[in-house]
Amino acid sequence: MFSKIAHLGIAVKDLDAAVRLWRDTLGFTLGGFDEVPEQKVKVAMFPVGESRIELLGATSPDSPIAKHLEKKGEGIQHVAFAVPDLEAALAELKARGVALIDEKPRIGAGGHKIAFLHPKSTGGILVELTQL
Ligand code: ZN
């Protein structure tokens, strides 16, 4: 069902500063930016092999990223796994008793269909599924 790690989502307080760190200091190549208004998040994407790092900056104090920063500080906020068929994956996981945040796919960064699983069903880790 899971074909690869699609990306790691990392919550950052200052997106510009984090981009300078990852690009200029660490030496990653910036792939581009995206904004997901529904999630109140701006994303900087760094491709790494078949996966990528996504730096996530809040665009509003009520963004999920702002809430994560308040509670846990900066760091990995979620892990995204690619699946070939998102609807089928959600149905299968639901049948296994996994709690879903998103019962139906929605559109995430890069225009891909995504859905989140509830951390209470995944050992405390926010897991995103994405159909690439
Ligand atoms: Zn993500």
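The values are calculated or read from the model by the stated rules, or taken from the named source; none is laboratory data. Remember, predicted model here, so these are calculated numbers, not experimental data. With ideal geometry, Cβ positions are generated from the backbone for all residues, glycine too; neighbour counts draw on all protein chains shown. For accessibility, only protein heavy atoms count, side chains too; no ligands or nucleic acids. Shrake-Rupley method; radii C 1.70, N 1.55, O 1.52, S 1.80 Å.
Side notes on the structure shown:
- Beta bridges by DSSP in the range 4-131, antiparallel share as percent, to the nearest 5: 75
- ³J(HN,Hα), Karplus 6.51/-1.76/1.60, whole Hz, each residue of the range 82-89, x for Gly, Pro: 7, 10, x, 9, 5, 4, 5, 5
- Placing unit charges on the Cβ atoms of the charged side chains and taking the dipole of the chain about its Cα centre, the candidate lying farthest along the positive direction among Val12, Pro64, Leu126 is Leu126.
- The 3J(HN,Hα) values that the Karplus relation (6.51, -1.76, 1.60; θ = phi - 60°) gives for the range 11-17 are, in residue order, 7, 10, 6, 10, 4, 4, 5 Hz. Gly and Pro appear as x.
- Portion, in percent, of the accessible area of the range 31-132 that falls on carbon or sulfur, probe 1.4 Å: 55
- Note: relative contact order over the chain, using C-alpha pairs below 8 Å and six or more positions apart, is 26 percent.
- Sorting 120-127, 9-16 by their mean Cβ neighbour count within 10 Å, with the most densely packed peptide first, gives 9-16, 120-127.
- For Asp102, nonlocal amide neighbours, meaning residues 5 or more places apart or on other chains whose placed amide H falls under 5 Å from its own, are Phe116.
- Residues in the range 100-113 carry Karplus couplings, in order, of 10, 6, 10, 6, 10, x, 10, 9, x, 4, x, x, 8, 6 Hz; the curve used is 6.51 cos²θ - 1.76 cosθ + 1.60 with θ = phi - 60°, and Gly or Pro positions show x.
- Amide H contacts of Gly31 (H built 1.01 Å from N, under 5 Å, at least 5 apart or other chain): Met45, Phe46
- Solvent-accessible surface of the chain, taken per residue with a 1.4 Å probe and all protein chains present: 54 Å².
- Distant-in-sequence amide contacts of Arg52, defined by a placed amide H-H separation under 5 Å and a gap of 5 or more residues or a different chain, comprise His7, Leu8.
- Alpha carbon convex hull of the chain, volume per residue in cubic angstrom: 102
- Charged side chains reduced to their Cβ positions (Lys and Arg at +1, Asp and Glu at -1) give the range 73-132 a dipole of some 120 debye around its Cα centre.
- Cβ-based net charge around Leu126, under 11 Å, with every Lys or Arg adding one and every Asp or Glu removing one: +1
- Pairwise FRET efficiency - Thr122 versus Ala17, Cβ, R0 = 25 Å, nearest 0.05: 0.25
- Filtered trypsin sites (Lys or Arg not before Pro), the range 48-112: DSSP coil and at most 10 other beta carbons within 10 Å: Arg96
- Electrostatic dipole magnitude of the chain [Cβ: Lys, Arg +1; Asp, Glu -1; Cα centre; debye, to 20]: 260
- Sparsely packed GluC sites (Glu not before Pro) within the range 1-98, loop by DSSP, other Cβ within 10 Å at most 16: Glu50, Glu74
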